[in-house]
């Protein structure tokens, strides 16, 4: 599924505010006439978008045969344009969208030119000052491999571990002032990508050196990294599963 994160206070269900899971659950239960419990591949924060989010639920208790095509059409009608269910498939028994995922890929887009663009304002961070993309690329080098990312995470999860394995990270020049940070890891902690981007933009602006990134990472201290980049530039782009053919993007 894909969604525009702007209207939502994140993915996770919360009765006090509007969330992606909240809207999706209401729509599913309306169509199916049956209670559902959702599991997602990545709990995006407030304002963060998704293109390749994966959600699973147990449909074994539903009466009759589930018409997946009709289900997708009904959900699109009820949820669009903010949420779009891009496909619906039957998974093998026991499938769990979060636990079975082997990696997630996030993208962060920066519009780096003096004049903003109203058509990109909701999906990119506008930075007026010229960025040194080469320096930002060099700042990615220490991220590869398995590290404690405490310096770039808002708080520890329930198990207390902030160790994550990054398999790919880099900046791309898309032309016309658009640059994009792509990062793939086994999983991410809260605000990790946004904190990485905020710190590397400081490098690009000359406020830090690319070589400082290693020290910030080793410090395991959130105060040593830069402020998080705005949420609206971030998108959960793809989720990978053990069988490469089952990756969703």
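Every number here is computed from the coordinates shown, using simple stated rules; none is lab data. The structure presented is a predicted model; accordingly, all values stated were derived computationally and were not measured. Using ideal geometry, Cβ is built from the backbone for each residue, glycine included, and neighbour counts are taken over all protein chains shown.
Determine, for each peptide in 41-53, 73-85, the mean count of other beta carbons within 10 angstrom over its residues, then list the peptides with the highest first.
Values: 41-53: 21.9, 73-85: 15.8.
In decreasing order of mean packing, 41-53, 73-85 become 41-53, 73-85.
Given an 8 Å cut-off on Cα distances and at least 6 residues of separation, report the relative contact order of the range 103-246 as a percent. Walk me through the numbers before you get to the answer.
Numbers: 294 pairs, mean separation 51.8, N = 144.
That works out to 36 percent.
Below 8 Å between Cα atoms, with a sequence gap of 6+, how large is the relative contact order for the chain in percent?
Numbers: 518 pairs, mean separation 59.1, N = 249.
Contact order relative to length: 24 percent.
Enter the Cα centre distance for the pair the range 42-71 and the range 194-240, rounded to the nearest angstrom. One Cα centre to the other: 31 Å. Let me test this: with uniform point scatterers at the alpha carbons of the range 124-192, what is the Debye-based log₁₀ I(q)/I(0) at q = 0.24 1/Å? Rounded to two decimals, the profile gives -1.09.
Taking 25 °C and 0.890 mPa s as the conditions, I'd like the Stokes-Einstein D for the range 2-84 in µm²/s, using the Kirkwood hydrodynamic radius from alpha carbon pairs. Don't skip to the answer; put the middle values down first.
Working: Rh = 13.1 Å.
So the translational diffusion coefficient is about 187 µm²/s.
Rg and Dmax of the range 187-249, based on Cα coordinates, read 14.6, 43 Å.
Using Cα pairs under 8 angstrom and six or more residues apart, how large is the relative contact order of the range 1-121, in percent? Before the final figure, lay out each step's value.
Numbers: 159 pairs, mean separation 34.9, N = 121.
It rounds to 29 percent for the range 1-121.
In the chain, the longest principal axis of the Cα atoms and the axis of helix 20-32 are about 20 degrees apart. Its DSSP H runs of at least 4 residues, each contributing -39,500 (n - 2.57), put the calculated 222 nm mean residue ellipticity of the chain at -6000 deg cm²/dmol, to the nearest 500. Just to confirm my numbers, what's the Cα centroid distance between the range 4-30 and the range 98-154 in Å? The distance from the Cα centre of the range 4-30 to that of the range 98-154 comes to 25 Å. With Rh defined as the Kirkwood radius, the inverse of the mean 1/r over Cα pairs, the Rg/Rh of the range 103-246 is 0.96. If you model the chain as an ellipsoid using its alpha carbon gyration tensor, with each semi-axis the square root of five times an eigenvalue, the axes come out at 34, 20, 15 Å, biggest first.
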